[in-house]
Amino acid sequence: MTTVLIVEDDVEMSGLLARYLEDQGFATLTASSTATALAATLSTEPDIVLLDIVLGEEDGREVLTELRHLSDVPVIFLTGRGLESERVAGLKLGADDYVVKPFSFAEVEARIESVLRRAGASSTGHEAVVRRFGDLHINETTHEVRRAGDLIDLTSKEFALLAFLAASPRQVYTRAQLLEHVWSSSNQWQNEATVTEHVRRVRSKIELDPDHPRWIKTVRGVGYRFEPDVQTA
């Protein structure tokens, strides 16, 4: 069951939205402040967050910044600000989508499903695809990565980045291309530094020596490629 964290200080709105989503088969959690939203994200690891841009005296954009330090969970802004500049600012901070108030609950549900599809959060019934590169094994069905048999803890976006690069060994991708393919975004909406930081995180987890990576190589002046090294069937 998909879990939705609703971060909204309007108790009535939060309750109505939660009941609607539960009727559609979602599990819901609610939070009304930065502290409770971050605590809920850490303790429950929701599949997606609906985040009001105005939380009383708090700014939802600051909540998003804090969330991004903890998790790559998809975030949809709920905003009463219809100005394009405000929407673009939210997307640049790392939001995956936005819904402008007043909105219908059906529209929110449709946005949730769309974002989850893009994020690859929906499970599939396809046969397991396991890519093996020496002692590094990437299971695209279970979203598990193992090195020498040990399970490596990756966030959903870290896994998506690694899996995308590994699917085309030695293919060089620019940061802009990775934003497009992995984040379904562009450098007009998100900073390319997002890619750089995620590559650093993945290296720190899968590489024995992140400063001299074995698998994810930097191609100076271009971007990154996955070096298969030794591949077995």
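None of the figures in this text is laboratory data; all of them are computed from the coordinates on show. Here the structure is a predicted model, which means the values were calculated and not measured. Glycine gets a Cβ as well: all are built from the backbone with ideal geometry, and neighbour counts include every protein chain shown.
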| message | Just to be sure I understand the model, the point goes 7 Å from the Cα along the line to the Cβ. What's the resulting Arg146 to Asp59 distance in nm? | response | 4.6
| request: Would you mind checking the tilt of helix 11-23 against the longest principal axis of the Cα atoms of the chain, expressed as 0 to 90 degrees and rounded to 10? | output: 60
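Report the FRET efficiency, 1/(1 + (r/R0)^6), for Asp23 and Ser43, where r is their Cβ-Cβ distance and R0 is 25 Å, rounded to 0.05.
0.50
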| Among Lys101, Lys157, what is the fewest-to-most ranking by other Cβ atoms within 10 Å? | Lys101, Lys157
| remark: For segment 3-119, shape from the Cα gyration tensor axes a ≥ b ≥ c, cut at a/c of 1.5 then a/b versus b/c, turns out rounded
| said: If you fit an axis through the alpha-carbon atoms of helix 105-119 and take the longest principal axis of the Cα set of the chain, what angle between them do you get, 0 to 90°, nearest 10? | reply: 10
| task | Could you work out the relative contact order of segment 3-119, using alpha carbon pairs under 8 angstrom and six or more residues apart, expressed as a whole percent? | result | 23
| request: Would you mind computing, in nm to one decimal, how far apart the modelled labels at Thr196 and Val222 are, each placed 7 Å from Cα along Cα→Cβ? | output: 1.9
| task | Go from 0 up to the bin containing the longest alpha carbon distance in segment 130-226, width 10 Å each, and give me the % of pairs per bin. | result | 16, 53, 28, 3
| message | For the chain, what does the helix formula give at 222 nm: sum of -39500 (n - 2.57) over DSSP H segments with n ≥ 4, over the residue count, nearest 500 deg cm²/dmol? | response | -12000 deg cm²/dmol
| remark: For the chain, longest principal axis from Cα atoms; helix 156-166 axis from its Cα atoms; angle between them, nearest 10 degrees, is 30
| Rounded if a/c under 1.5, otherwise prolate or oblate - segment 3-65, Cα gyration tensor axes | oblate
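Please sort 193-201, 219-227 by packing, taking for each peptide the average over its residues of neighbouring beta carbons within 10 angstrom, highest first.
Per-residue Cβ counts within 10 Å, averaged per peptide and sorted highest first, yield 193-201, 219-227.
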